[in-house]
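Taking it in order: structure first as structure tokens, then the write-up.
The values are calculated or read from the model by the stated rules, or taken from the named source; none is laboratory data. What you see is a predicted model, and the numbers here were worked out from it, not measured in a lab. Remember, those area values only see protein heavy atoms, side chains included, never the ligands or the DNA or RNA. Shrake-Rupley method; radii C 1.70, N 1.55, O 1.52, S 1.80 Å.
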Amino acid sequence: MADNYLEKRREAYELKKEAYLRKKKHLPKQRLLPPRPEDEAL
């Protein structure tokens, strides 16, 4: 019926996954800093 359909889909998936992980790895991490109070005396 469909020759190597699953194999081709799997290859495409693996390539997309690898590219996504590579891109994700190089993104800068966002640090969540707590908001500073307006009055430093508090």
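How would Glu38, Glu7 line up by accessible area, probe 1.4 Å, largest first?
Numbers: Glu38 190, Glu7 105 Å².
Descending order: Glu38, Glu7.
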Given the whole protein assembly as supplied and a 1.4 Å probe, what does the accessible area of Leu33 come to in Å², nearest 10?
140
